[in-house]
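J.: Below is one structure. I have some questions about it.
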Amino acid sequence: MERPAWAPEGVDMNRPSPARMYDALLGGSHNFEVDRQAAEQAKKLVPDLPRLALSNRAFLRRAVRFLVDSGVRQFLDIGSGVPTAGNVHEVAQAIDPECRVLYADIDPVAVAHARAILAGNANATAIEADLREPAELLEQARATGLIDFDQPVGVLLIAVLHLMGDDDAPIDRVNALHDAVPPGSFVAISHLTSATRPEDAAKLQNNSTHVSKIGLHFRGRDEIAALFGKWEPIEPGVVELPLWRPESDRDQHETPGRSLGLAGVGRKA
């Protein structure tokens, strides 16, 4: 398989990546054939997966706008994936060009593409880092000089915590981020759920374990609410993706009661 010009050396082109599969579901172009095949296999099991991806993307945009309206001017997007149209820096900087955005992902393809499209944007960049190592991630974030940890930070954990099993102690990672930022900071979380469509969730989880080898972890509503840890959830709490502060009918990519994703925003008092 010929390596695309945008793919860094050393990337395994024969193993699907969650970031690149998500890009494929959104109709992006920065993915490999193995990612597209894995996405298609998942779509055969649950045909409305692309609508879930769009719904998750719409939540991200609404959450970013809400945080900017709440006074946040810097964002740490962890597990950011491949930046596509309508990503954090575009949404935030459209409101205030001085907003600063640091993307962090474990996938070198996502990081390389982010750095390429952010070239010339002094208020945004990307680092390769792992949420499972929060101390190292935060050290890298500080080293960029882009995030001032004495000022409120918008921490974004969009569709990343369901890639961590309970053995990875996701609540501890979320709490470590809480402890690193000052009062007035926020966290936005979206997560795959088994609460609404348990049979479909079981199909996708089994497929991710035995076929794509990605390892998704669908959780119930209470389990996802617990992931906020020390953060204080704000209204409307943890709800289905299209129900978190929808701004128009365009946000209704999924039918309420059918979304495979839950989301919410929390604040550090």
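The values are calculated or read from the model by the stated rules, or taken from the named source; none is laboratory data. Every value quoted in this text rests on a predicted model; they were computed, and no experiment measured them. Positions of Cβ are generated from backbone atoms using ideal geometry, with glycine treated the same way; all protein chains shown enter the neighbour counts.
J.: Pick from Gly145, Gly154: which is within 17 Å of Ala63 (Cβ to Cβ), small (Gly, Ala, Ser) and either surrounded by fewer than 18 Cβ atoms within 10 Å (Cβ to Cβ) or touching a strand residue (DSSP E or B) at 6+ places or on another chain (Cβ under 9 Å) (or both)?
T.: Gly154
J.: State which residue is nearest to Leu67 (Cα to Cα) when the search covers only segment 209-227 and only residues that are part of a loop (DSSP other than H, G, I, E, B) and in contact with a helix residue (DSSP H, G or I) (Cβ under 7 Å, 6 or more places away or on another chain).
T.: This residue is Leu227.
J.: Here's a follow-up. Does segment 80-106 hold any residues that are closer than 16 Å to His30 by Cβ and assigned to a loop (DSSP other than H, G, I, E, B), and which are they?
T.: Answer for segment 80-106, where residues must be closer than 16 Å to His30 by Cβ and assigned to a loop (DSSP other than H, G, I, E, B): Ser80, Gly81, Val82, Pro83, Thr84, Ala85, Gly86, Asn87, Ile106.
J.: Within segment 103-117, restricting attention to residues that are at pLDDT 90 or above and in contact with a helix residue (DSSP H, G or I) (Cβ under 7 Å, 6 or more places away or on another chain), which residue is surrounded by the most Cβ atoms within 10 Å (Cβ to Cβ)?
T.: Ranking the qualifying residues of segment 103-117, first place goes to Tyr103.
J.: Separate question: Just to be sure, is Pro97 over 14 Å from the mean Cα position of the chain (by Cα), in contact (Cβ under 8 Å) with a residue 12 or more places away in the chain and over 22 Å from Asp148 (Cβ atoms)?
T.: Here the answer is no, as Pro97 does not meet what is asked.
J.: Now for a separate question. Given the criterion buried (at least 22 other Cβ atoms within 10 Å of the Cβ), farther than 19 Å from Gln205 by Cβ, at pLDDT 85 or above and aliphatic (A, V, I, L, M), identify the matching residue among Leu54, Leu60. Please lay out each step first, then the result.
T.: Working: Leu54 fails: buried (at least 22 other Cβ atoms within 10 Å of the Cβ).
Answer to the selection: Leu60.
J.: Looking at Glu139, Glu128, which is the one that is surrounded by fewer than 15 Cβ atoms within 10 Å (Cβ to Cβ) and on the phi < 0 side of the Ramachandran plot?
T.: It is Glu139.
J.: Checking the condition modelled with pLDDT under 95, among the hydroxyl-bearing types (Ser, Thr, Tyr) and crowded, with 18+ Cβ neighbours inside 10 Å, which residue from Ser185, Ser208 passes?
T.: Result: Ser208 is the single residue among Ser185, Ser208 that is modelled with pLDDT under 95, among the hydroxyl-bearing types (Ser, Thr, Tyr) and crowded, with 18+ Cβ neighbours inside 10 Å.
J.: Sticking with this one: Can you tell me which residue among Ile106, Ile95, Ile117 is of a type in the set (Val, Ile, Thr) and closer than 18 Å to Val64 by Cα?
T.: Numbers: Ile106 fails: closer than 18 Å to Val64 by Cα; Ile117 fails: closer than 18 Å to Val64 by Cα.
Answer to the selection: Ile95.
J.: Consider only pairs whose beta carbons are under 7 Å apart and that are at least six residues apart or on different chains; among these, list those whose first residue lies in segment 161-186 and is more than 16 Å from Glu136 (Cα to Cα) and whose second residue is assigned to a helix (DSSP H, G or I).
T.: Leu161/Pro170; Leu163/Pro18; Met164/Pro170; Ile171/Ala226; Phe186/Leu67
J.: What are the pairs with Cβ atoms under 8 angstrom where one residue, in segment 215-228, is surrounded by 14 or more Cβ atoms within 10 Å (Cβ to Cβ) and the other, located anywhere, is among the basic types (Lys, Arg)? Sequence gap at least six, or different chains.
T.: So the pair list comes out as Leu227/Arg219.
J.: Same structure again: For segment 255-262, does any single residue satisfy the condition of being at pLDDT 95 or above and of a type in the set (Lys, Arg)?
T.: Scanning segment 255-262, I find no residue that is at pLDDT 95 or above and of a type in the set (Lys, Arg), so the answer is no.
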